[in-house]
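J.: Before I ask anything, here is the structure I am working with.
The values are calculated or read from the model by the stated rules, or taken from the named source; none is laboratory data. Nothing here was measured: the structure is a model prediction, and the numbers come from that model. Cβ coordinates were reconstructed from backbone atoms using ideal geometry, including for glycine residues, and neighbour counts include every protein chain displayed.
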Amino acid sequence: MRPVFAFLLLASLASAASAASGLPAGVTELEVGGPLEISGVAWLGDGYAVVGDDEPDEGFTWPAGGRFPLPSGLDDPESLDALPLADGSTLWFFLGEDHARVADDRGGRLDLGPEFAEICGRGVEGVSARLGEAIEVAVVLEGGFFSSPCAQAEAWRKPKLARFTWTPGVGASAVRVVELDVVALDDGQRFRATDVAWKGEELWVLLGSGSPGSTKPYRHTWMQRFGDDGKPKGEPLKLEDRWGAYRDGRNWEALDATPWGFVLGFDTKKGRQFLVEMAWDAPSVEP
């Protein structure tokens, strides 16, 4: 049995079990080892890889339970992706917040520079890659209200999206940057971008809201498609509506696409470590 189909069968059985446990429809919880502060997740075809803020040197795999080294000089890992290539190999991408740095596992590197530098706890948060005529990479700058204590804690800036073509083992140039036109919420909270994922040709961004001086409570967690111009495409998936209280109080920071929907992760200082698989077919939108 091929690994992806074996994993799909495992996921199907786990989903049936989760339905009986009272979880939201389409949700499966996967217990994982590794960092409590899960900041990035990548679908591997037969499992997942995760990185976390509190594990600067290693990533973790599930269900194998293995560890793998992160590129040197990355520092403060925030996200990762694993891109299957035409020759059957996999190209790994890693994102570090301290230096706004994208690196691959073959020596390629790109420093995004001052525009994407971390300010008052807000920096780069997500990386995702897809294979078309070339390898295209997307990175999100978190934006949102700055962390407290900070002289700019009342300030808010829009998230940004960087896109570029990547050469394995080398890096990228000609970075294209747009602001993400996120919705202004009615309750005084504003969105920050916490991760990004390609699903086919659609680019999805995970959004979490916060208030001035604090990111809590996390009243809104949305998934929204964005176009090349930074404008939203179609309606967002509002997890507070879809999941209800299951979503509440968690800082959802990790996102990747899977064959049946998406996988999400959150960071926590204590408690259980788990990923959340969500079975969902997104409605199509006009190109």
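J.: Taking into account only those residues within region 212-223 that are out of contact with any Lys or Arg (no Cβ under 8 Å at 6 or more places or on another chain) and part of a strand (DSSP E or B), which is nearest to residue 79 (Cα to Cα)? Break it down into steps so the answer makes sense when it comes.
T.: Looking only at region 212-223, we keep the residues that are out of contact with any Lys or Arg (no Cβ under 8 Å at 6 or more places or on another chain), and these are 212-214, 216-217, 219, 223.
Narrowing further to those that are part of a strand (DSSP E or B): 214, 223.
Numbers: 214: 22, 223: 17 Å.
Residue satisfying both the conditions and the ranking: 223.
J.: Something else now. Give region 262-273 a look and list any residue that's surrounded by fewer than 18 Cβ atoms within 10 Å (Cβ to Cβ) and within 29 Å of residue 129 (Cβ to Cβ), or say none.
T.: Residue satisfying the conditions is 268 alone.
J.: Then there is this: Looking at residue 103, is it in a strand (DSSP E or B), surrounded by fewer than 20 Cβ atoms within 10 Å (Cβ to Cβ) and of a type in the set (A, V, I, L, M, F, W, C)? Even if it seems obvious, please write down each step before you answer.
T.: Values: in a strand (DSSP E or B): yes; surrounded by fewer than 20 Cβ atoms within 10 Å (Cβ to Cβ): no; of a type in the set (A, V, I, L, M, F, W, C): yes.
Answer is no for this residue.
J.: Output the residues belonging to region 239-287 that are more than 16 Å from the chain's Cα centre (by Cα) and either within 22 Å of residue 162 (Cα to Cα) or not in a loop (DSSP other than H, G, I, E, B) (or both).
T.: Correct list: 240, 241, 242, 244, 245, 246, 279, 287.
J.: Could you tell me whether region 185-204 includes any residue that is out of contact with any Phe, Trp or Tyr (no Cβ under 6 Å at 6 or more places or on another chain), at pLDDT 90 or above and assigned to a loop (DSSP other than H, G, I, E, B)?
T.: yes
J.: If you don't mind, another one. Restricting attention to region 227-276, and to residues there that are touching a Leu at 6+ places or on another chain (Cβ under 9 Å) and aliphatic (A, V, I, L, M), which single residue is nearest to residue 198 (Cα to Cα)?
T.: Per the criteria, the residue is 255.
J.: Can you name the condition, by its number, that residue 242 falls short on among (1) farther than 17 Å from residue 26 by Cβ; (2) touching a residue at least 40 places away in the same chain (Cβ under 8 Å)?
T.: Unmet for residue 242, out of (1) farther than 17 Å from residue 26 by Cβ; (2) touching a residue at least 40 places away in the same chain (Cβ under 8 Å): (1).
J.: If I ask for residues that are surrounded by 19 or more Cβ atoms within 10 Å (Cβ to Cβ), among the hydrophobic types (A, V, I, L, M, F, W, C) and either assigned to a strand (DSSP E or B) or in contact with a Ser or Thr (Cβ under 7 Å, 6 or more places away or on another chain) (or both), which ones from region 106-126 would you list?
T.: Those that are surrounded by 19 or more Cβ atoms within 10 Å (Cβ to Cβ), among the hydrophobic types (A, V, I, L, M, F, W, C) and either assigned to a strand (DSSP E or B) or in contact with a Ser or Thr (Cβ under 7 Å, 6 or more places away or on another chain) (or both): 110, 124.
J.: Sticking with this structure for a sec: Being touching a strand residue (DSSP E or B) at 6+ places or on another chain (Cβ under 8 Å) and either of a type in the set (Phe, Trp, Tyr) or modelled with pLDDT of 90 or more (or both): is that true of residue 230 here?
T.: yes
J.: Let me ask something additional. Just one of 145, 116 is farther than 24 Å from residue 84 by Cβ, aromatic (Phe, Trp, Tyr) and at pLDDT below 80; which is it?
T.: Numbers: 116 fails: at pLDDT below 80.
None of the other options fit; the residue is 145.
J.: Residues being surrounded by 14 or more Cβ atoms within 10 Å (Cβ to Cβ) and assigned to a strand (DSSP E or B): count how many of those fall in region 69-89.
T.: 7
J.: Continuing with this model, one more query. Please state which one of 198, 204 is buried (at least 22 other Cβ atoms within 10 Å of the Cβ), over 15 Å from residue 143 (Cβ atoms) and touching a strand residue (DSSP E or B) at 6+ places or on another chain (Cβ under 6 Å).
T.: Matching residue, one of 198, 204: 204.
J.: Follow-up question, since we're still on this one. Somewhere in region 246-255, is a residue surrounded by 12 or more Cβ atoms within 10 Å (Cβ to Cβ), of a type outside the set (S, T, N, Q) and at pLDDT 95 or above?
T.: Taking every residue of region 246-255 in turn, at least one turns out to be surrounded by 12 or more Cβ atoms within 10 Å (Cβ to Cβ), of a type outside the set (S, T, N, Q) and at pLDDT 95 or above.
J.: Of the numbered conditions (1) buried (at least 20 other Cβ atoms within 10 Å of the Cβ); (2) out of contact with any Lys or Arg (no Cβ under 6 Å at 6 or more places or on another chain); (3) in a strand (DSSP E or B); (4) of a type in the set (A, V, I, L, M, F, W, C), residue 182 fails exactly one; give the number of that condition.
T.: (3)
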